[in-house]
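Please treat every number below as a calculation from the coordinates, not as lab data. The structure presented is a predicted model; accordingly, all values stated were derived computationally and were not measured. Positions of Cβ are backbone-derived with ideal geometry, glycine not excepted, and every protein chain shown enters the neighbour counts.
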Amino acid sequence: MTLAESARPDSAARPADPRRWAALVLLCTANFMVILDAQSVIMGVPLIAADLGLSPVEAQWILSGNLLTFGGLLLLGGRAADLLGRRKVFILGTALFLGVSVLSALATAGPLLLVARALHGVSAALMAPTALAILTDMFPEGRERNRALAAWSGIAAMGATIGLLLGGALLGWFGWPSLFYVNVPVALLMLVLSPVLLRESRDASAHRGLGVAGAVLSTAALGLLVYLLVEAPEQGWTSFPILGLAVVFVVLTGATIAVDRRSAAPMLPARLFRSPIVLGGNVLTVLIAMLAFGMSVVLSQYSLGVLHYTPIQFGLSQSVMPIASVVGAYAAQKALARLSIRPVVVSAFVLLAIGSVLLIRISPDAGYLTTVLPGLVLFGLGLGGGPVALVAAALTGVTPADAGIASGINVAAFQVGGALGVAVVSTIIAGNMAATPGPAGALAGFHAGMAACAGFGVAGLVVAFALLRRGRRGNLTAVPRPH
């Protein structure tokens, strides 16, 4: 028996679930709602802060608190799903999502809202990796899974822009509580349909457990990393608190690795990273998230701060990008059926890098159709196609027992990459503004921020050529099955 055959997921031998395409709609809806909520709340932070009397620092934690718990608990959520049952954990996360949405909408004091947003991150950490793990279990490797992942990635790109559009409209018509009430009917429908459309799956290995020590250490390390990336632009990368916490992060990471090596149930199983395809898929996921979030920072600050767009105008100006992303996702899943994974990923990063270079030319005098639109189209094509191939790579050969933790690692890679992209690009923009006050400094900062995004794209090309060289069409390099 070959390595690929021995590592092939057991789900490949089961009859295809007739509910899988309806289940895909449900799972993509969960992914869509997590992203929609995060994006729409960005628009509402100023109004929420003014209404609840939050200081600028406190208002920042409406977003940062959610990001911290989401990013910090992803691995734990994925492992819990493997052991307790993925459908069960998904339903638990959806119920929590419903509850905290109502709590957020009804909040009359700042501290209550901040607690609710932190709990929302917990719900997202249960929903997102579990939904991806269920998708992986229901669709065996090959053409059907590629189609499912294309839908997953395409709907995520749409959620990012629709969140800005919907958030602006709801704020203008109904006030900020409507940003959270809109989640309620969708979450209720998901709770009703989940037991009907989703089959239960878990790690049936009796000798494996949660690994409490590894779970605590990895959650603390990942949460601290997200906190560092959120706070570094404000406090300074070389400030004493940031450097001190960075040392603590390194110590926690080392302790996690040491504990995992001795554990029968490691939180970060080394076997998942023995394949260059899996390792490359996760490293490149960090880079593509840096690109996506970094570009979002540049364009949102430029459009809202320099061009003085309203939230709706900004959303409309960016609407071409999710359309291009859907096209890119569809093209990528078609290409994966004929090509190895590397050319698909390389093509995506080339499009992202070129799109970033074109957007470096933005200025108040530049025309939208000649300057911004071409860059958004190319960026959107790459942003749609890249994640399809990268998620497929990150889950290639992963056994059913590890589907949850592997999905958690990939979603965590995206969250960490997003936080890192925001931190780096925000620091670059702020540094240029401080060096050259006024409109000239602002424009120089935006140009430098987009140049950094282009650099992320070039780095992605280097990593893709280094780590994805062994990918084959169809069944890619497999991860060895644990004995």
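Helix 240-262 sits at what angle to the longest principal axis of the chain, using alpha carbons and giving 0 to 90 degrees rounded to 10? That works out to roughly 10 degrees. Summary value for the range 215-286: 30 percent relative contact order, contacts being C-alpha pairs under 8 angstrom separated by 6+ residues. Between the Cα long axis of helix 20-52 and the first principal axis of the chain there is an angle of about 30°, rounded to the nearest 10.
Each residue of the range 184-198 was assigned a 3J(HN,Hα) from its phi angle through the Karplus expression (A = 6.51, B = -1.76, C = 1.60, θ = phi - 60°), giving 4, x, 5, 5, 4, 4, 5, 5, 5, 7, 4, x, 7, 9, 9 Hz with x at Gly and Pro.
By how many degrees, between 0 and 90 and to the nearest 10, does the Cα long axis of helix 341-359 differ from the longest principal axis of the chain? For helix 341-359, the angle is close to 0 degrees. Projecting the Cα atoms of 296, 357, 44 onto the charge dipole of the chain (Cβ charges, centred on the Cα centre) puts 357 farthest toward the positive pole. Which value, in debye to the nearest 20, gives the size of the charge dipole of the chain about its Cα centre, when Lys and Arg are +1 and Asp and Glu are -1 at the Cβ? It comes to approximately 1660 debye.
Taking θ as phi - 60° and the Karplus parameters 6.51, -1.76 and 1.60, the scalar couplings of the range 362-374 work out to 4, 6, x, 8, 6, x, 5, 5, 9, 10, 7, 4, x Hz in sequence order, x denoting glycine and proline.
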